[in-house]
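All remarks here apply to the structure that follows.
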Amino acid sequence: MTDNNGATALLEFRKVNTHYGAVHILKDVDLAIYPGELVCLLGGNASGKSTTLKTLLGMVTPTSGEVVLDGEVVNDKPTSYRVINGVTMVPENRRLFKRLSVKENLELGAYLRNDKDGIAEDLEKIYDLFPRVKERLSQKSGTLSGGEQQMVAIGRALMSRPRVLLMDEPSMGLSPALVQQNFELIQQIHADGMAIFMVEQNANMALSIADRGWVLQTGRVVLDDSAEALLANPELRASYLGEG
Amino acid sequence: MSTMTATMPSSALDQDWRRVLRWGLICGGVLIALCLVGMPVELDRRELIERYLSLGYVSVLMIPILIGRIAATQVVLEGVESRKQGLYDLVTGLAVGILGGVSLSLLIVALDSWDLRDPLVNWSPKLFRFLTYENGIGFGLMAWIVTCGLLGMMGAASHVVPAMLRRVSGIVVLSLLGISVLEGAIEDLSEGFGLEWLTDLLYAKKGGLTLTSAILAGAAIAFVAVLTSGRVKALTTSYREKEGADRQKASIILFVVVAVLVIVLPIFLGKIMNELLANVGLFLLLALGLNIVVGLAGLLDLGYVAFFAVGGYTTAVLTSPNSPFFAPEMHFGFALIFVVIFAIVVGLVIGAPVIRMRGDYLAIVTLGFGEIIRLLFLSDWLGPYFGGAQGITNIPGVDLGFATVKGTDPRSVFYLVLFFCAIAIYVSWRLQASRLGRSWMAIREDEQVAETMGINTVNSKLMAFVVGAVMAAFSGAVLAAKVGSIFPTSFMILISIIILVVVIVGGMGNIAGVMVGSFVLIGVLGGPKQPGLLQEFQNFKLLIYGMLLVFMMLKRPEGLVPSARRSRELHQDEFLQDAWLKGDKPGTDDDDGETVGDDGGEEE
C-alpha cells in the first residue's frame, strides 16, 4: 500500500482478524503507519487497542489477514524479529524492571543488539535527551518518580533503535502536568523523524499532536481520518471528548 | 535530659500500658510455647558454665531480654514524639518481663495441678523440675517472676545505656555464649593447631566452661572489644563507601582471604568439622543452582530435589558394582559426563511442560514433579533398575590416582565439593553479568515486558532450569560418592524446601548471600539429616527454620547479607539477633541488594 506521496508503509495491517479462543477481538482491521508519521488509535475499553499492539509486535498471531513490516508479511515471525527490524513498544504504565537499575533497564532495551559501540552511542543520545536519567543511572528504577519512569521507559524503547515506536496509553497514571510534559516529549522524538503509533484514551490531547488517527469500536475501525477532521467530527466529539 | 518536651511523660509510670501488656503477653506466650515444645528440658543436659548455667536455661532466659529490649525500642519508635531514652524504658522492660514471668508461673501452677501429658507430650514432671529448679513450687514462682522482670529490664537497659557499654557487654555475652555452645567445634579446631592445653584449661571435663575460665575469658574479650572499638566499624564503612576500582580491589582482597581460609582451614580441622563443611558445600552447590532458578529467573521451583536425585542415581548406577541392572562400573569422572547429560534431559523434560506456568501454578506443579521422581525410583516398576527401597549401595569413592575421595575421609570430600562449588560460583557470577543473566532478571521483574524487548522467554526460562539442574546433579553425584549408597529416602521433599529456605534467608539472587545462607543454616543449624554446629538444636531445627523464614519474610525480605556485612565485626550468633533487633529501624534498608556478590556484575 502506498500513500499519496508514493512512500511504502512501515507497518501495516491488512484485514487482520484475531481471536482469543472463541472470542473475536479484531475484525477486518486495516491500518498503515508510514515513516516519520505520528498517528493515534483511539477507542474505549475493550475495543481491541491492546490486542492491536500485541498483534503488531507478534505476541498475538492473527487468525486471518496479514501483518506487514516493510512490505514483508511477518505473521509468523517472532517478536524478536520485529524488534530487530525497528518495531518497539513502550508499555502501558511504563512497567520498568523495578528492582533493576536505570542503566540495566536501558541496556535491556538493547537486548537484541550486538554492536557495543552503537549501544554506547545511543546511551549518550538518551542522556542528552533526558539529562535527569543520567543522574540516576545506578538507582533502582522502581524508586524513580512517575515522570522519570516515563523517561526511562521511552529511553529503554529507543535503545533498540526503532523506526516506529508503539506507545500504549502514554498518559495513563500521570498527573496532568506530566501528561503535558509527556506529549511534548513524544513530539520531540517525533520531530527527530521517528514514526509513532500511539494508543490513547485521552483523545483530545492525542489528536492535537497526531497527523492521523483511527477510532476502534468493539474490534472494528469505525473512523479513519486526519487528526483535524477527527477533532472536528461531531460523532467523535460526542463519544470521546465528552461533548454533546 | 535538659530539654524536656511537653510530651515527656511526667513520671516513669506514665506508660502506654496497652503496648506493655501486648509485649508482656507475647513474652509470656513465647516462654510457655518454648517450654511446651520441650526445648529447655532437652537442652538442660548441655552445660554452658559448669554447674551454673545450662543451654536450657539460656534458651528461656534470653526471651525476656530480647522482648524487653524490643518493647523498649518500639515504644520510642512508634511514639508520636520520639521520647528520650531513660527510666521510662526500664519500667517498660520490667513490666514486660514480669508479665512474662507471671505467665511462666501460671504454667508452673498448671503443671502442678493437672496432667495434660496426653495431648502435650512435654507436659512432664521433668519440665516442672526444670522450672522450679527442684526447690519447690513457691521458689519457682517467685524466682521466675523476679528473674524475668530483671532480665526484661536488662533488655530495656541495653537500649538505654551508652552505646559503648552496650557494645562491649553485648560482645562479651555473645562471645561467651559462642565459646561455650561451640565447645565441640573449638576443641576440634584447637586439636588441629596443637592447642589442646588451652581448651583443657577453658572447659570443664564434663563439658561447659568452668566459672573461672568464663570470668577470665569474659574479661579478655571485654578488653579486646574496648581496644578494637570503632576500628572494625570504620573498616566496614570504608569498604562500603569505596567505589569503582577501589571497591573492586577491596572485594578481591576479601575474596582472596576467604578463599585461602577455605582452602587451608580444613587441613587443621578434625573429621567432624570437615564432615560439616562438606555438607555445607553440598547444600551450597544445590543452593547456587536454585538461586539461578528462583533468585535470578524468578521461577519458584519446589521440586528441585528431583535433579539432586538424578545426579545421585546416575552416579550410583554407572559406578557401583551393585547396580541391579546395568553396572558398567565407570570411573566417577567419566560418569560425570552422563550426569550432565541426564540432568539436561530431565531439566528439559520437566521444564518444557511447566515453563509456561507462572507463580503459584509453577510451584505446585514442580512440587509434584519432585515427588514423582522420588516415587519412580522407589516404585516396583523401576525397582529392577534402581533397586527400589533398597537403593544402590557400594558406590565407590572417587579415585584421583594420588588419593581416593570417599565418605570415611571427609576432608577429601570437602575438597571435591569445594571444586564443584568453585565452578558453580564462577559460572553463576559470569552468568549474572551475561546477556542470559540479564534476560533472567528481566523475566523475573516483568515477563510480558521482557517479551516485548524481544527476549525469548521460553528459551531463557528453560536455560535457567537446565543450568540449575546441572548444579544440583553435580551435588547429587558428590553425595553418592560421599555416602556410598543412594536410597529414595535420600531425596525427600524436605530437601527442596530447605534449599529454598537457604536461598531466601541468604538473599535471593546474590551469590554471597547464598553462601552465607548455607553456612548459617546448614553449617550452624544443620541440614535435614546432617548435624550442624549447634547439634543440641537438632530436634528443633525445623522449628527454627520456620521461625527464621517467617521473620525474614516480614523484616528483611532481601536476605541476610546486607545485615551480615553490617555486623561482621560481631559474633556469628549475634547477627541473627542483630537482624532481629535492628531490622525494623528506619534507614537500615537503604542498601538493598548492594552486596559483595553483585560487585562483579555491576562493573561490566
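Any read-out appearing in this document is the output of simple, stated calculations on the displayed coordinates, not a laboratory observation. A quick note: this is a predicted structure, and the numbers were derived from the prediction, not measured. Positions of Cβ are backbone-derived with ideal geometry, glycine not excepted, and every protein chain shown enters the neighbour counts.
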Separation between the B:E196 and A:Q201 pseudo-spin-labels, each 7 Å from Cα along Cα→Cβ, expressed in nm? 8.0 nm
With +1 on the Cβ of every Lys and Arg and -1 on the Cβ of every Asp and Glu, the dipole magnitude of the stretch B:165-229 about its Cα centre, in debye rounded to the nearest 20, is 420 debye
How do A:142-150, B:527-535, A:205-213 rank on mean C-beta neighbours within 10 Å, highest first? A:205-213, B:527-535, A:142-150
Compute the length gained on full extension between B:V550 and B:V232: take 0.36 nm times their separation in residues and subtract their Cα-Cα distance, giving the result in nm to one decimal. 111.4 nm
For the stretch B:437-507, inverting the pair-averaged 1/r of distinct alpha-carbon atoms gives a Kirkwood value in Å of 14.5 Å
For the stretch B:13-161, inverting the pair-averaged 1/r of distinct alpha-carbon atoms gives a Kirkwood value in Å of 15.6 Å
For the stretch B:277-491, I need the span (max minus min coordinate) of the C-alpha atoms along each principal axis, in Å, sorted largest to smallest. 53, 39, 25
Going through the DSSP H helices of chain A, which span 15 Å or more along their own axis at the Cα atoms while scoring at least -1.0 as a mean Kyte-Doolittle hydropathy? A:116-129, A:146-158, A:176-191
Cα gyration tensor shape for the stretch A:187-244, rounded if a/c is under 1.5, else prolate or oblate: prolate
Among the lysines, which fall within straight-line cross-link reach of A:K134, defined as a Cα-Cα distance under 27 Å, with same-chain neighbours fewer than 8 residues apart omitted? A:K98, A:K103, A:K116, A:K125, B:K242, B:K249
Using a 10 Å cut-off on Cβ to Cβ distances, tally the other chain neighbours for every residue of A:108-114 and report the average as a whole number. 4
Let me know the mean shielding of A:84-93 by other chains, meaning the per-residue number of their Cβ atoms within 10 Å of its Cβ. 2
Output the Cα-based Rg and Dmax of chain A in Å, rounding Rg to one decimal and Dmax to a whole number. 17.7, 55
Taking the simple approach of a point 7 Å from Cα along Cα-to-Cβ for both B:L265 and B:M357, what is their distance in nm? 4.0 nm
Kirkwood-based shape ratio for the stretch B:165-229, expressed as Rg/Rh from alpha carbons: 1.00
Output the peptides B:231-241, B:159-169 sorted from most to least packed, where packing is the average of other Cβ atoms within 10 Å over each peptide's residues. B:159-169, B:231-241
Could you work out, for the protein assembly as shown, what percent of all Cα-Cα pairs fall into each 10 Å distance bin, beginning at 0 Å and stopping at the bin that holds the largest distance? 2, 11, 17, 19, 18, 15, 10, 6, 2, 0, 0
If you average over every viewing direction, what projected area does the convex hull of the Cα atoms of the stretch A:135-200 give, in nm²? 4.8 nm²
Dividing the alpha-carbon radius of gyration of chain B by 2.2 N^0.38 Å, where N counts its residues, gives 1.05
In Å and whole numbers, how far do the C-alpha atoms of the stretch B:465-569 stretch along each principal axis, longest first? 41, 35, 25
Virtual paramagnetic centre 7 Å along Cα→Cβ of B:T404, amide N under 15 Å, in the stretch B:468-506: B:481-485
Going by average Cβ density within 10 Å per residue, which order do the peptides B:65-71, B:263-269, A:13-19, B:414-420 take, highest to lowest? B:65-71, B:414-420, A:13-19, B:263-269
